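What follows is calculated from the coordinates using simple rules that are stated; it is not laboratory data. These numbers come from a predicted model, not from an experiment. Glycine gets a Cβ as well: all are built from the backbone with ideal geometry, and neighbour counts include every protein chain shown.
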């Protein structure tokens, strides 16, 4: 029987994961490691901060944890980059040390497609064999790259600690609101001229189900997590029945530079790269090797998002 600790277990994704784990017949104990108490029945709350290097090992040892699902993260990155670094990078480093010290058997980590980075030479479909390059100008992307470098070193130095690393696309869910979904809220959708800016979406229930399989009987490895297919900005605009505001990259970059200088927007010119060169994830390995096929495609996840967020689409 598996004894699982979920960091960030009281969060949006964490609450979905802990609920599924608590109902799983092969799981003996589920502990939510979070600064907030878990509201999921049958889940034990163990308040701790992943940025505190002394807090993790005692909890793992006390509950005889053999599997850790690492979800602790900043929900809306971009506001406090120092805190984001401590949670993402330092927190993962602390967790790795604690897992090795207490004999944890398996570590499941939620990485991101952002780890690949936003680059003009990205292939149309990124696979797990493509390099993790991140972008220094995007702290979230840089932090995910640094986390993956930590994990790669741990695989070499501590091969007895199995790893499942999920590089996840844009997660949609009934309560999701973030800088991605904000792009769809206005009367017109912003499009950088000459770029279709495709997105890959995955519904939160699919991410949670993949996490549970990884924590119980799935194989170790690195896997992209996304629904089949992708959606471009023109396709999204058509579905929302909204017009597009098409702006040349140079003009948008200049406008963001001025807006940032005048403190009218938190976004700088680098945001143009974020909009133009989105990483598009190939999920073949998830389906063929890991053994999980998302129930919703990217298009179906988007449709479900619209059903749970009335008013986003005009039609």
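Odds and ends about this structure:
- Alpha-carbon centroids, region 150-197 and region 279-303: separation in whole Å: 13
- Overall, the ratio between the Cα radius of gyration of region 166-235 and 2.2 N^0.38 Å, rounded to two decimals, is 1.33.
- Using every pair of separate Cα atoms, the Kirkwood estimate puts the hydrodynamic radius of region 89-160 at 13.2 angstrom.
- Taken along its principal axes, the alpha carbon cloud of region 1-141 reaches lengths of 47, 31, 29 Å, longest axis first.
- Axis angle, to the nearest 10 degrees, between helix 139-157 and the longest C-alpha principal axis of the chain: 30 degrees.
- The calculated 222 nm mean residue ellipticity attributable to helices in the chain amounts to -10000 deg cm²/dmol, summing -39500 (n - 2.57) over DSSP H runs of n ≥ 4 and dividing by all residues.
- When peptides 77-86, 195-204 are ranked by their average number of other Cβ atoms within 10 Å per residue, the highest-first order is 195-204, 77-86.
- Cα pair distances exceeding 20 angstrom across region 4-65, given as percent: 18
- Relative to the dominant Cα principal axis of the chain, helix 91-102 is inclined by about 20°.
- Relative protection proxy for 214-224, 286-296, 138-148, from highest mean packing down: 138-148, 214-224, 286-296 (other beta-carbon atoms within 10 angstrom).
- By the count of neighbouring beta-carbon atoms within 10 Å, fewest first, 211, 231, 1 end up ordered 1, 231, 211.
- Evaluated on region 179-315, the Kirkwood hydrodynamic radius is 16.7 Å, with distances taken between all distinct Cα atoms.
- Separation of alpha-carbon centers, region 2-27 and region 121-147, rounded to whole Å: 28
- Antiparallel %, DSSP beta bridges [both residues in the chain], to 5: 5
- Fraction in percent of alpha-carbon pairs per bin - 5 Å, region 238-315: 3, 12, 13, 13, 14, 17, 15, 8, 4, 1, 0
- Residue ranges 239-247, 163-171, 26-34 sort as 163-171, 26-34, 239-247 when ordered by packing (mean number of other C-beta atoms within 10 Å per residue, highest first).
- The chain: translational diffusion in µm²/s, Stokes-Einstein, Kirkwood Rh over Cα pairs, 37 °C, 0.692 mPa s: 163
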